[in-house]
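Inspection log for the structure reproduced underneath, given as structure tokens.
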Amino acid sequence: MIKTIYQFGEQLKQIDAMKHFFEISGSPYPEKNENESVIFLEIANGKPQKLSIEDYRKSWKEKYLFRELASSRSTSLVPTLHFYNLPVGDKPENLEKNRQILRESIVKFLDKLGRCLDANLSIYKIFFSKEEVISFLDTHFQSFIEQTCPEKKNYLFTIKIDDKWIGEVQKIRNILEEEAYNKYFNSKGDSYKSNDKICSVTYQQSDEVWGRVDTLGFTVNDISFSRNGFDAKNSYKMFPVSPEVVKTLEGTQRALSNGLSYGFQNLRFYVLPRFIAINDNDLKKEIVETFIQKRQSGNTTYSENQINSIINSEGIFNEIISEEKLHHNSVYYDIFFYEEKQAQFSIKLHLSDLLPSRFGNILDSKKSISEYYNRITKVVTKKAEFAFNLTFFDMKKYFPEPLFFQVMEAIFYKTVITEYKILAVFMELLRTDFKNLSNDAYAFALNVKRSFVIHQYLQNLQIFGNMETQEKQTLSFVAEEFVNNHESFFKDNPAKEAAFYLGCATEILLNAQESHLRSRPFAHKLNNLNIGYREMMEIKPKLLQKLDEYEKADKLYGDYNAALELLTAFDKAFINIKPAQNNVETSYAFSLGLTIQKESLKSRMLDRIEAKKSK
């Protein structure tokens, strides 16, 4: 896991646009900012000489050595700070007041600078006297600002020592480096270092290794390691990592967190190439460079991205399939789902050694299934149309954790999950929706249709085991045609078939009741959709009795014969059922029957409306 991140980072840090993630200093300004300025104090032979100003250069970040503060009250480690200038202006009536405001601002700035120098005074006094620097600035800074800084903006202040920027002075750079990486080898006064050991990532001898590398949320400071008197000096034995590898991991982590990862629900995830038997470093760099370009390119909309994505709205899987370099036969892929906790990645799921060809299979299946069922899964409003794109984002609500992660693993690895387990969680959701029909009349039917499409997607990917792929005809809502067109769902399972037909017949009555009573009282006889062998035996005679009653009152809109045909189909399947049949499959098939028959009735009504319009 860590090795994949490291191998990726080794190539990433060679790409010009990515190098700043591996630098200990940061950028004092957003990348898009232009026309910024640097004020600097020139020191020669240990004595402050003069203040100067010049244009800020983005390529000199390592020379300026700026480090973003954790908060406004934090103390900077190096004397490169922002100074926010409020110009005094040229109006005589405001001059005295504005100068006083500027003076107060300078006093605060000098206090920050003084605290910065105090924090590492033993280093800075090698090059200059803190008291002389503060005294010089206290005397000259305000006049310099008034004369040379007319703009209201954030200027960058730093120091040059004997014509070198502080970032070019190694002893001062070391202050930042030690602070940046101190957490990996030092805690509460204990040292977590060792010398001349094998690095756990590169498997090479290293002059020094550190023992508190927690890039993936692991650290030997955890309680579990200290219950039995864990000794910090032996921490390197758990996971010894060389300093250079640590720096690569940290830089890669910053890059992943800033533009190379994707959002997904309350998690984030990233996709990384993994090189198998590629020893050519130039080729590795070329592949990573192409990967970054493809990751950052594209002006497609969110909805367009969802069509070509697997997880949420990422386009990288489609790019991997399309770009020859990215589906090189020695490039596999890892996917990491994680929560970011402070500076750590808490990995929730790691999918490794995934082949680009599998991405292609998943996207092909996703596209064919979502397009085929689009007419029943999309939501159409007056303003827009919302498609169900079968991304993991769309599917997440149907699977609780940890089953959701098991489904993800199954999709990528083509491992088997029992159909029973999937239908069981679907029914938990559907029973809740069914209870709540009076408050939300649409959720139940929509979730039945969408859950069935998820089922067909998983089945198409062979997640329920190897099955023959059936070439589907035009989607029909006629019950018998629907069963024939979904043979893989109903095949060799008369219980499912019987429950489906019974559900279809039941919906004919429920629809009639809703039209005449504005309610569906027979729904209370459906045992909250816990439909098994016994329940089907009980429902059929009650349903038939009610259908006869409605037919005599001429309230079935000519659907009496259709209902009898459905019950005949039910009888034909029911005689082959074993009484011990589990009720998850039959409950789901019954729910599906209710919904497909509802679609059939709706389709027929729309046809009648269109026929009237055409006359």
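The values are calculated or read from the model by the stated rules, or taken from the named source; none is laboratory data. No experiment lies behind these values; they were computed from the predicted model shown. Here the Cβ positions follow ideal geometry from the backbone for every residue, glycine too, while neighbour counts run over all protein chains shown. Ligands, DNA and RNA are stripped out before the accessible areas are found, and what is left, the full protein with its side chains, is counted by its heavy atoms. Shrake-Rupley method; radii C 1.70, N 1.55, O 1.52, S 1.80 Å.
Which ones in region 328-359 are open to solvent by less than 10 Å² (accessible area, probe 1.4 Å) and either more than 23 Å from ASN308 (Cβ to Cβ) or part of a helix (DSSP H, G or I) (or both)?
To start, the set of residues in region 328-359 that are open to solvent by less than 10 Å² (accessible area, probe 1.4 Å) comprises 331, 333-338, 345, 351, 354, 359.
Listed by number, the residues that qualify are TYR338, PHE345, PHE359.
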Checklist (1) open to solvent by 70 Å² or more (accessible area, probe 1.4 Å); (2) in a helix (DSSP H, G or I); (3) more than 22 Å from LEU65 (Cα to Cα) applied to ASP118, failing item
(3)
Test set (1) assigned to a helix (DSSP H, G or I); (2) open to solvent by 20 Å² or more (accessible area, probe 1.4 Å); (3) among the hydrophobic types (A, V, I, L, M, F, W, C) - ALA580 fails condition number:
(1)
Looking only at residues in region 150-168 that are modelled with pLDDT of 95 or more and part of a loop (DSSP other than H, G, I, E, B), which one is surrounded by the most Cβ atoms within 10 Å (Cβ to Cβ)?
ASP162
Cβ pairs under 8 Å, 6+ apart or interchain, first in region 170-194 and farther than 19 Å from PHE127 by Cα and acidic (Asp, Glu), second in a helix (DSSP H, G or I) and open to solvent by 20 Å² or more (accessible area, probe 1.4 Å), ordered by first then second residue, are ASP190/LYS233
Among residues belonging to region 76-111 that are in contact with a Pro (Cβ under 9 Å, 6 or more places away or on another chain) and assigned to a helix (DSSP H, G or I), point out the one that is farthest from LYS160 (Cα to Cα).
ASN98
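A quick yes/no check of all residues on (1) touching a strand residue (DSSP E or B) at 6+ places or on another chain (Cβ under 8 Å); (2) farther than 21 Å from PHE269 by Cβ; (3) in contact (Cβ under 8 Å) with a residue 24 or more places away in the chain:
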site	(1), (2), (3)
ILE376	no, yes, yes
VAL379	yes, yes, yes
ALA384	no, yes, no
ALA387	no, yes, yes
THR391	no, no, yes
MET395	no, no, yes
GLN406	no, no, no
GLU409	yes, no, yes
PHE412	yes, no, yes
Being open to solvent by 10 Å² or more (accessible area, probe 1.4 Å), among the acidic types (Asp, Glu) and assigned to a helix (DSSP H, G or I) narrows it down to one of GLU468, GLU497, GLU507, so name that one.
GLU497
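Please determine whether any residue of region 535-553 is charged (D, E, K, R) and either in a loop (DSSP other than H, G, I, E, B) or under 28 Å from ARG375 (Cβ atoms) (or both).
To start, the set of residues in region 535-553 that are charged (D, E, K, R) comprises 535, 538, 540, 542, 546, 548-549, 551-552.
Cutting the leftovers down to either in a loop (DSSP other than H, G, I, E, B) or under 28 Å from ARG375 (Cβ atoms) (or both) gives us none.
Checked region 535-553: no residue is charged (D, E, K, R) and either in a loop (DSSP other than H, G, I, E, B) or under 28 Å from ARG375 (Cβ atoms) (or both).
Within region 419-464, which residues are assigned to a loop (DSSP other than H, G, I, E, B) and either under 27 Å from the mean Cα position of the chain (by Cα) or not assigned by the TED database to the domain that holds LEU510 (or both)? Can you show your working first?
Narrowing region 419-464 to residues assigned to a loop (DSSP other than H, G, I, E, B): 436-442, 461-464.
The answer is LEU461, GLN462, ILE463, PHE464.
Can you confirm whether ALA563 is of a type in the set (A, V, I, L, M), touching a helix residue (DSSP H, G or I) at 6+ places or on another chain (Cβ under 8 Å), more than 26 Å from ASN576 (Cβ to Cβ) and crowded, with 22+ Cβ neighbours inside 10 Å?
Working: of a type in the set (A, V, I, L, M): yes; touching a helix residue (DSSP H, G or I) at 6+ places or on another chain (Cβ under 8 Å): yes; more than 26 Å from ASN576 (Cβ to Cβ): no; crowded, with 22+ Cβ neighbours inside 10 Å: yes.
So ALA563 fails the test.
Take ARG254 and decide whether it is within 19 Å of SER352 (Cα to Cα) and either surrounded by fewer than 21 Cβ atoms within 10 Å (Cβ to Cβ) or at pLDDT below 90 (or both).
no
Please indicate, with yes or no, whether at least one residue in region 360-378 is in a loop (DSSP other than H, G, I, E, B), open to solvent by less than 40 Å² (accessible area, probe 1.4 Å), over 30 Å from TYR181 (Cβ atoms) and assigned by the TED database to the domain that holds SER476. Spell out the reasoning first.
Within region 360-378, the first condition is being in a loop (DSSP other than H, G, I, E, B), and the residues that meet it are 373, 378.
After this cut, where a residue has to be open to solvent by less than 40 Å² (accessible area, probe 1.4 Å) as well, the list is 373.
From what is left, the residues that are over 30 Å from TYR181 (Cβ atoms) are 373.
Pick out the ones that are also assigned by the TED database to the domain that holds SER476 and you get none.
No, region 360-378 contains no residue that is in a loop (DSSP other than H, G, I, E, B), open to solvent by less than 40 Å² (accessible area, probe 1.4 Å), over 30 Å from TYR181 (Cβ atoms) and assigned by the TED database to the domain that holds SER476.
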Tell me which residues, restricted to region 1-51, are open to solvent by 40 Å² or more (accessible area, probe 1.4 Å), acidic (Asp, Glu) and outside any helix (DSSP H, G or I).
GLU23, GLU31, GLU34, GLU42
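When you go through SER135, SER105 one by one, which is the residue that is farther than 18 Å from PHE40 by Cβ, out of contact with any Ser or Thr (no Cβ under 7 Å at 6 or more places or on another chain) and among the hydroxyl-bearing types (Ser, Thr, Tyr)? Even if it seems obvious, please write down each step before you answer.
Working: SER135 fails: farther than 18 Å from PHE40 by Cβ.
One residue alone meets the criteria, SER105.
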So, of the residues in region 52-67 that are closer than 16 Å to ASN154 by Cβ and assigned to a helix (DSSP H, G or I), which turns out to be least open to solvent (accessible area, probe 1.4 Å)?
TYR64
LYS546 passes all but one of (1) under 13 Å from ILE596 (Cβ atoms); (2) touching a helix residue (DSSP H, G or I) at 6+ places or on another chain (Cβ under 6 Å); which number fails?
(1)
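Listed here are the residues, each with its yes/no results for (1) of a type in the set (S, T, N, Q); (2) at pLDDT 95 or above; (3) at positive phi; (4) out of contact with any strand residue (DSSP E or B) (no Cβ under 9 Å at 6 or more places or on another chain).
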residue: GLU535; (1), (2), (3), (4): no, yes, no, yes
residue: GLU538; (1), (2), (3), (4): no, yes, no, yes
residue: LYS546; (1), (2), (3), (4): no, yes, no, yes
residue: TYR557; (1), (2), (3), (4): no, no, yes, yes
residue: THR586; (1), (2), (3), (4): yes, yes, no, yes
residue: GLY593; (1), (2), (3), (4): no, yes, no, yes
Could you tell me which of the residues GLU54, GLU62, GLU10, GLU31 is touching a residue at least 12 places away in the same chain (Cβ under 8 Å), in the same structural domain as PHE157 (by the TED database) and under 26 Å from GLN293 (Cβ atoms)?
GLU62
Of (1) farther than 13 Å from CYS504 by Cβ; (2) open to solvent by 70 Å² or more (accessible area, probe 1.4 Å), GLU585 satisfies every one except (2)
Restricting to region 181-208, give me the number of residues that are buried (at least 17 other Cβ atoms within 10 Å of the Cβ) and among the aliphatic types (A, V, I, L, M).
1
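Looking at GLY259, is it modelled with pLDDT of 80 or more, in the same structural domain as SER309 (by the TED database) and either outside any loop (DSSP other than H, G, I, E, B) or not β-branched (Val, Ile, Thr) (or both)?
yes
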The condition from (1) without any contact (Cβ under 8 Å) to a residue 60 or more places away in the chain; (2) in a helix (DSSP H, G or I); (3) touching a helix residue (DSSP H, G or I) at 6+ places or on another chain (Cβ under 6 Å); (4) not charged (D, E, K, R) that PHE570 misses is numbered (1)
What's the total number of residues in region 444-476 that are at pLDDT 95 or above and either more than 28 Å from PHE412 (Cα to Cα) or among the hydroxyl-bearing types (Ser, Thr, Tyr) (or both)?
4
With respect to ARG73, determine if the residue is assigned to a loop (DSSP other than H, G, I, E, B), modelled with pLDDT under 90, open to solvent by 50 Å² or more (accessible area, probe 1.4 Å) and in contact with a Leu (Cβ under 8 Å, 6 or more places away or on another chain).
no
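Could you tell me which residue of region 510-534 is surrounded by the most Cβ atoms within 10 Å (Cβ to Cβ), considering only residues that are assigned to a helix (DSSP H, G or I) and among the small types (Gly, Ala, Ser)? Steps first, please.
Of region 510-534, the ones assigned to a helix (DSSP H, G or I) are 510-517, 521-525, 527-529, 533-534.
Then keep just the ones that are among the small types (Gly, Ala, Ser); that gives 512, 515, 523.
Values: ALA512: 24, SER515: 11, ALA523: 19.
So the residue we want is ALA512.
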